[in-house]
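These notes are about the structure you will find just below.
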Amino acid sequence: MCRYASDLKVMLRVMAGSNATFLQLERKVSLKALKVFYMEDDGESYITSPAAEGVKNAVRKVITHFRKICDVPPQKIHIRGLKYGFQVWGHAVSAAVADIARVEARVFGEDSSTSVFKEFVFGLFGWSDYSLPAITTVMVEKYLGPKSKADAEPFIRIQKRLEKDFQNLLQDDCIFIMPTLPQSAAYHYANTLRPQNCGYVAIFNILGLPATHCPVGLDDNGLPVGVQVITGLRNDYLNLAVAREIEREFGGWVCPGPIV
């Protein structure tokens, strides 16, 4: 939501309002005291796209930098539940809606007989009266979420396990780094055809953890790549400090081409 890391603190303070004090935005951070954990992908999920080499290289470059400045060397870990991020997110979104019929009603209207599949196809060609994000939200909530409590139970267990894993992992001065998405920047709306890849970021929304995307330049094809920095609950001050350091070291946002 900000091009430059220095603007994040101002944005968060405005968004948080009276709750900004809980985020400790003015707290000082010693970068050399950080404990860094990382993964180069989501654990090789069978539904998300394989992590591109340029994306993995972005993580490696960031880790190499923190290896130079931190007292404790960064540690590569494997959190098994992350590869189910999209499924856990789909369950959580669906579980938040008691009546699936209301999902379509919110988008298409109470008395509408609109076909979500027809609107999806129309949306791909720019013919729909509805935005693609709205259409795909209806599809996710209606078709991808568990249809019964028994179906949902495995994902409830995974979500609780992830909450516990990250609570134990992300103590004060601890950060977790992984790709923001498994591929470099895509064409506009191209990710609509790969919705499962949003599991990389959506899972941390469901877990309620602070997550910040940090640009790390361009890949070999000249496309933007980056990493996301995740910290413990209300440790947003760590996100800001690490984002500023990554921006300082790697140049931050880079225009991928001429502006015409």
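The values are calculated or read from the model by the stated rules, or taken from the named source; none is laboratory data. Keep in mind it's a predicted model, so treat the numbers as computed, not measured. Every residue, glycine as well, gets a Cβ built from its backbone with ideal geometry; the counts of neighbours run over all protein chains shown.
Which of the residues belonging to the range 224-260 are among the basic types (K, R) and touching a residue at least 12 places away in the same chain (Cβ under 8 Å)? Show your work before the answer.
Taking the range 224-260 first, the residues among the basic types (K, R) are 234, 244, 248.
Of everything in the range 224-260, those that are among the basic types (K, R) and touching a residue at least 12 places away in the same chain (Cβ under 8 Å) turn out to be R234, R244.
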Checklist entry - Quick one: how many residues across the range 139-167 are at pLDDT 80 or above and either farther than 11 Å from I206 by Cβ or surrounded by fewer than 17 Cβ atoms within 10 Å (Cβ to Cβ) (or both)? => result 12
Checklist entry - Out of (1) of a type outside the set (D, E, K, R); (2) part of a loop (DSSP other than H, G, I, E, B); (3) modelled with pLDDT under 90, what's the single condition that is false for V93? => result (2)
Checklist entry - Of the residues H78, H65, which single one is over 16 Å from the mean Cα position of the chain (by Cα) and in a loop (DSSP other than H, G, I, E, B)? => result H78
Checklist entry - Looking only at the range 159-188, which residues are without any contact (Cβ under 8 Å) to a residue 60 or more places away in the chain and either touching a Ser or Thr at 6+ places or on another chain (Cβ under 9 Å) or not polar (S, T, N, Q) (or both)? => result K160, E163, K164, A186, Y187, H188
Next on the checklist: Against the definition (of a type in the set (V, I, T), in contact with a Gly (Cβ under 6 Å, 6 or more places away or on another chain) and within 23 Å of I77 (Cβ to Cβ)), how does I177 come out, yes or no?
Outcome noted: no
Item to check | Single residue of the range 29-53 satisfying the filter (among the small types (G, A, S) and crowded, with 16+ Cβ neighbours inside 10 Å) that is modelled with the lowest pLDDT | outcome: S45
Checklist entry - Could you say whether any residue in the range 43-54 is in contact (Cβ under 8 Å) with a residue 12 or more places away in the chain and among the β-branched types (V, I, T)? => result yes
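Restricting attention to the range 54-67, does a residue exist that is hydrophobic (A, V, I, L, M, F, W, C), modelled with pLDDT of 95 or more, more than 21 Å from D219 (Cα to Cα) and surrounded by 11 or more Cβ atoms within 10 Å (Cβ to Cβ)?
Let us first name the residues in the range 54-67 that are hydrophobic (A, V, I, L, M, F, W, C), namely 55, 58-59, 62-63, 66.
Next cut, modelled with pLDDT of 95 or more only: 55, 58-59, 62-63, 66.
Retained after the next criterion (residues that are more than 21 Å from D219 (Cα to Cα)): none.
No: zero hits.
Yes or no: the range 242-254 includes at least one residue that is over 27 Å from H91 (Cβ atoms), under 17 Å from the mean Cα position of the chain (by Cα) and aliphatic (A, V, I, L, M). Before you say what the answer is, go through the steps one by one.
First, the residues of the range 242-254 that are over 27 Å from H91 (Cβ atoms): 242-254.
Of the ones still in play, those that are also under 17 Å from the mean Cα position of the chain (by Cα) are 242-243.
Pick out the ones that are also aliphatic (A, V, I, L, M) and you get 242-243.
Yes, the range 242-254 contains at least one residue that is over 27 Å from H91 (Cβ atoms), under 17 Å from the mean Cα position of the chain (by Cα) and aliphatic (A, V, I, L, M).
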